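Nothing in this text is a laboratory measurement; each read-out follows from the coordinates by a stated rule. What you are looking at is a predicted structure, and each value in this text was computed from that prediction instead of being measured. So basically every Cβ, Gly included, is an ideal-geometry build from the backbone, and we count neighbours across all protein chains shown.
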Amino acid sequence: MQICVIGCGYVGLVTAVCFAEMGNRVTCVDNSVERITLLQQGRSPIFEPGIEALLRNNIAGQRLGFSNQLDIALHDADVVFIAVGTPSAEDGSADVSQILAVANQLAQQLAQPSIVVCKSTAPVGTACRVQDILDQHCVQHKLHWRHRVVSNPEFLKEGDALNDFMRPDRIIIGTEDDRAQRVMHQLYEPFVRNHDRIIVMSRRSAEMTKYAANAFLATKISFINEMAAFCDEFAVDIEQVRKGIGADQRIGHHFIYAGCGYGGSCFPKDIRAILHMAASQAARMPILEAVEARNQLQKNWPLRSLQNQLGPNLSGQSIAIWGLSFKPGTDDVRDAPSRVLIEALLIAGAQIRAFDPIAAENIQQCYPHAVAEGQLQLLKDPYEALRQTDALVLMTEWKQFRQPDFALMRSLMRNPLLLDGRNQYEPALVEREGFVYMGVGRPTRQPVTLQLRQVV
């Protein structure tokens, strides 16, 4: 098929590359000249394992191209994907202005009846708004056709997006139009040959499914973090509890790791958006309100732990941070828990020595003044980041941090305090190496004995 993808960001680029890999001819459009120039050279503007190899392979095979000119990209396109950003507005709602702007452009430039696919995560009813824009143009200009708008939400994990697209758990197609359904099924058929995982529903249901999925996963994370705090009160190790409940197939082991809270470009934005949607209908979602509140509280766990160990005044203290991205496998620092810690430490007057294998440049762009003044130092070696520090905080569980040289770490640090924000280490092992260890829901104090009321 001839495919046009509008938006060369994370979702758009992964979508374009994967469709091209299956033999389709894809043109990806973006209004950033710098981004298009980079992509034309076979270089990816985003970090995603394996994407540059596929990018170069499909450019060389002439299945994938990039352009700033939408009218050229739309020529002979069978399917048009909208994959532009929907960032959070100040009130927490998803800003769909880019989607609607693209819809207006398509109304002006589509010269034949087309299938337009909303790939961006957007509030319920957005695809219908796109349909209305396209329909109004056709009526105004007395065109004897109607475009078909489909909702096709993405379910991509940063760091494993190519695998998610190529081997999907499910493909949600939101449409009530038979022809659109057939075309979309044909387009996705190569990705589900072993087992048909395509689910067809209404557009509004498809949009809600995306939000419901992220809301549920965020709920699991906040739940296990709440249990970790509860475990602290009774000297219970949350890791043992996690393994116990995860063995239940109804619960499973995914997304029940206690830590410093969730971040990134999806969960925080989507939880805020769904709460705003609820408020717009005068509805309450107390569970998701609690999920958001617990996550904000959890992001402050590193700071509270540092103050518990080093005292409330952290001015002049030197703090090492391992990991800056919101999760391993990506350079994304949007809403990352590390940023909450960095900002608190900067305000407190602490010195920060940080290391991340790929996200340091993005952090530098967030805090240029702190870097220029030397209060925030971004080192190129994890052990160098430990030199003469009063504590190490593990914020991102990159693989290279799993089995570090504890003896070397101990010799470099001024104070052997290790805050394990991802529960990556065994407390007993770390303590044998001479460290004071603190994990999330992994207390080392003696259990509390409950005072039971006597029954007369």
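Brief remarks on what is shown
- Fully extending the segment from Arg193 to Ile72 would add 40.3 nm, taking 0.36 nm per residue of separation and subtracting the current Cα-Cα distance.
- Debye, to nearest 20: dipole size of the chain, +1 on Lys, Arg Cβ, -1 on Asp, Glu Cβ: 560
- The range 361-419 - Debye-derived log10 I(q)/I(0), Cα point model, q = 0.13, 0.14, 0.22, 0.28 Å⁻¹: -0.39, -0.45, -0.99, -1.23
- Alpha-carbon centroid distance for the pair the range 229-296 / the range 79-124, whole angstrom: 30
- Read-out percent of Cα pairs over 44 Å apart, derived from the coordinates shown; its label in [x] 14; [y] 21; [z] 25: [y]
- Mean residue ellipticity (222 nm) of the chain, computed from DSSP H runs ≥ 4 via -39,500 (n - 2.57), nearest 500: -13000 deg cm²/dmol
- Point-charge dipole on Cβ atoms (K/R +1, D/E -1) for the range 235-456, about Cα centre, debye to 20: 540
- Cβ-based charge dipole, the chain, positive-most Cα from Gln377, Gly7, Gln317: Gly7
- Distance between the 7 Å Cα→Cβ label points at Ser411 and Glu361: 3.3 nm.
- Candidate lysines for bridging to Lys157, where Cα separation is under 28 Å - those fewer than 8 sequence places away on the same chain excluded: Lys119, Lys210, Lys220, Lys243, Lys269, Lys299, Lys327, Lys380, Lys399
- Charge sum, other residues only, whose C-beta stays under 15 Å from Met227's C-beta, Lys/Arg counted +1 and Asp/Glu -1: -1
- Signed unit charges on C-beta, dipole axis of the chain, positive-most listed residue Phe355, Thr209, Ala273: Thr209
- Cα centre as origin, Lys/Arg/Asp/Glu Cβ charges: the range 2-201 dipole, Debye: 500
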